[in-house]
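The values are calculated or read from the model by the stated rules, or taken from the named source; none is laboratory data. Remember, it's a predicted structure, so these values are computed and weren't measured experimentally. Cβ placement follows ideal geometry from the backbone for every residue including glycine, while neighbour counts extend to all protein chains displayed. These accessible areas exclude ligands, DNA and RNA; they are computed on the full protein's heavy atoms, side chains included. Shrake-Rupley method; radii C 1.70, N 1.55, O 1.52, S 1.80 Å.
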Amino acid sequence: AGAPIPYENIGQLTDSGFDMKLGYATNHTGFNWFADFVFSYYDNVINEMGEAQNGEELEHLNRTGNSVSAIYGYETDGYFESESDIQSSPQQTFGTPRVGDLKYVDLNNDNIIDSRDITVIGNYLGNMDMGMRLGFVWKNLDVETFIQGQFNRDINLAGNPLAQPFIHGNAVNEITEENDFPTLTLSNMNNYQSSSYWVRNGDFVKVRNLEVGYSIPGKNLSRMNITQMRFFVRGVNVLTFSNWKYTDPEFTNIGYPPVKSYLLGVNVNF
């Protein structure tokens, strides 16, 4: 009848991975410290998704066998260095290429760069997570911090306004100061296809929380019928370590990123 094929629950996915936790704490008089470490690794593979399998020179188009979170796009092969380079290269179908534009790889060898040359270029979900909780108590002073990291994670800037100066009225920012940034344009979308050029390392390690506290000795509080008084300073999203320097690595678009904040407080028990 020419009706579209309905959705069916036929997908098959294999998930694998492991989690681990290690911890240690002392229980001495005077100085005590503790440390907890958690780590997880996971992966997934699409076994079946009702996909018509491509063979031979189009095998790279198959999504079966890849991760659910795979990033797809074109592999880049440098830049067009001259007009003769443009003429001798496969035809790109995203606009008239210019010297300095990105050059894409012709994966199916038909001398045309189009949707049949798309392949896996990254993965937007990091498959390794790490967390550490560290701290100590010495007399009336206590310190605690939580550190979290994520690895094997890619950032895809394709379609991101941060990476498209002049397009749709977007502004120029420091990303365009990169030495190998492609030619700027007002309308040509050749450079802004999803490609390996726009995939960046999104790994990060963050000091999520850092708290320093001091408890007033109980003998100084008994006259006020207070059993415990503790002053503290707490920092949230204190430090971030990442190769990605333009925005917060967990928020790479235009908008409101995770907030860095500091709090000063007191806990009083009667």
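Could you name every one of the strands (runs of 3 or more DSSP E) located completely within segment 125-194 that has at least 1 residues being polar (S, T, N, Q) and buried (at least 17 other Cβ atoms within 10 Å of the Cβ)?
141-151, 154-156
For segment 133-142, give me each residue that is within 30 Å of residue 202 (Cβ to Cβ) and not charged (D, E, K, R).
If the condition is that a residue be within 30 Å of residue 202 (Cβ to Cβ) and not charged (D, E, K, R), then 134, 135 are the ones that fit.
Which members of segment 1-29 meet the condition of being part of a loop (DSSP other than H, G, I, E, B) and either touching a residue at least 40 places away in the same chain (Cβ under 8 Å) or under 30 Å from residue 50 (Cα atoms) (or both)?
1, 2, 3, 4, 5, 6, 7, 8, 9, 10, 11, listed by residue number.
Okay, residues lined up against (1) aliphatic (A, V, I, L, M); (2) closer than 25 Å to residue 182 by Cα; (3) surrounded by 16 or more Cβ atoms within 10 Å (Cβ to Cβ); (4) out of contact with any strand residue (DSSP E or B) (no Cβ under 7 Å at 6 or more places or on another chain):
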{"residue": "44", "(1), (2), (3), (4)": "no, no, yes, no"}
{"residue": "52", "(1), (2), (3), (4)": "yes, no, no, yes"}
{"residue": "83", "(1), (2), (3), (4)": "no, yes, no, yes"}
{"residue": "89", "(1), (2), (3), (4)": "no, yes, yes, no"}
{"residue": "94", "(1), (2), (3), (4)": "no, yes, yes, yes"}
{"residue": "99", "(1), (2), (3), (4)": "yes, yes, no, yes"}
{"residue": "118", "(1), (2), (3), (4)": "yes, yes, yes, no"}
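Just the residues that are exposed (fewer than 13 other Cβ atoms within 10 Å of the Cβ) and closer than 18 Å to residue 203 by Cβ, please, taken from segment 217-238.
Across segment 217-238, there are no qualifying residues.
Report, ordered by the first and then the second residue, all pairs with beta carbons closer than 6 Å, sequence separation of six or more or different chains, a first member in segment 244-265 that is in a strand (DSSP E or B), and a second member that is open to solvent by less than 70 Å² (accessible area, probe 1.4 Å).
Qualifying pairs under 6 Å: 261/236; 262/235; 265/232.
So which residues in segment 122-167 are among the basic types (Lys, Arg) and either under 14 Å from the mean Cα position of the chain (by Cα) or closer than 24 Å to residue 43 by Cβ (or both), if there are any at all?
Within segment 122-167, 153 is the sole residue that qualifies.
Are there any pairs with C-beta distances below 7 angstrom linking a residue in segment 91-105 that is of a type in the set (Phe, Trp, Tyr) to a residue that is part of a loop (DSSP other than H, G, I, E, B), with the two at least 6 apart or on different chains, and if so which?
Matching pairs, first to second residue: 94/189; 94/193; 104/75.
With the checklist (1) of a type outside the set (A, V, I, L, M, F, W, C); (2) within 30 Å of residue 135 (Cβ to Cβ); (3) free of Cβ contacts under 8 Å to residues at least 12 places away in the same chain in hand, flag the one item residue 32 doesn't pass.
Going through (1) of a type outside the set (A, V, I, L, M, F, W, C); (2) within 30 Å of residue 135 (Cβ to Cβ); (3) free of Cβ contacts under 8 Å to residues at least 12 places away in the same chain one by one, residue 32 breaks only (3).
Looking at segment 33-80 only, could you name the residues that are in a strand (DSSP E or B) and aromatic (Phe, Trp, Tyr)?
Within segment 33-80, 33, 34, 37, 39, 41, 42, 72, 74, 79 qualify.
Does segment 86-104 include one or more residues that are within 21 Å of residue 46 (Cβ to Cβ), among the aliphatic types (A, V, I, L, M) and not in a helix (DSSP H, G or I)?
no
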